[in-house]
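Single-structure report; data block below.
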Amino acid sequence: MGKLLKILKEPNPKNGELEYSQGRLYLAISVISYYTTLGILLSAGIYKSDIELGNFKTVIDALEFAMVLFAGYVFGGKIVDIFKLIRPNTNKEIIKG
């Protein structure tokens, strides 16, 4: 369990200590709630015959949107940093004559 919680931490730029990342916590919570909801829907589908699939689809779509939003928040900044390392002079205009 300790190694799993270590994934949710990242180094603080000021002092280098590991601290919980807000985006990673949000992403973990959204993933846990998504799979919990899928489990509830699976059990409801097995044990009940009259379920409203439209309502469940709306809930699943909202949870998927939250996961994509938080994943973009968590990993989006990392991708920008990688591009800055690869191509540091992207802010300059190149004029070809």
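Per residue, the convex hull spanned by the alpha carbons of segment 22-86 comes to 75 Å³. If you plug the beta carbon distance of T37 and L5 into 1/(1 + (r/R0)^6) with R0 = 25 Å, you get a FRET efficiency near 0.65. Computed extension gain for E19 through L53, at 0.36 nm per residue and net of the alpha carbon distance, reaches 8.2 nm. Dipole size of segment 22-86 about its Cα centre, with +1 on Lys/Arg Cβ and -1 on Asp/Glu Cβ: approximately 280 debye, rounded to the nearest 20.
Of the peptides 28-34, 45-51, the order by per-residue mean of other Cβ atoms within 10 Å, starting with the highest, comes out as 28-34, 45-51.
Readers should treat all values here as calculations from the given coordinates under stated rules, not as data from a laboratory. The shown structure was predicted, so the numbers you read here are calculated from the model rather than taken from an experiment. Ideal geometry is used to build each Cβ from the backbone, glycine not excepted, and the neighbour counts take in all protein chains shown.
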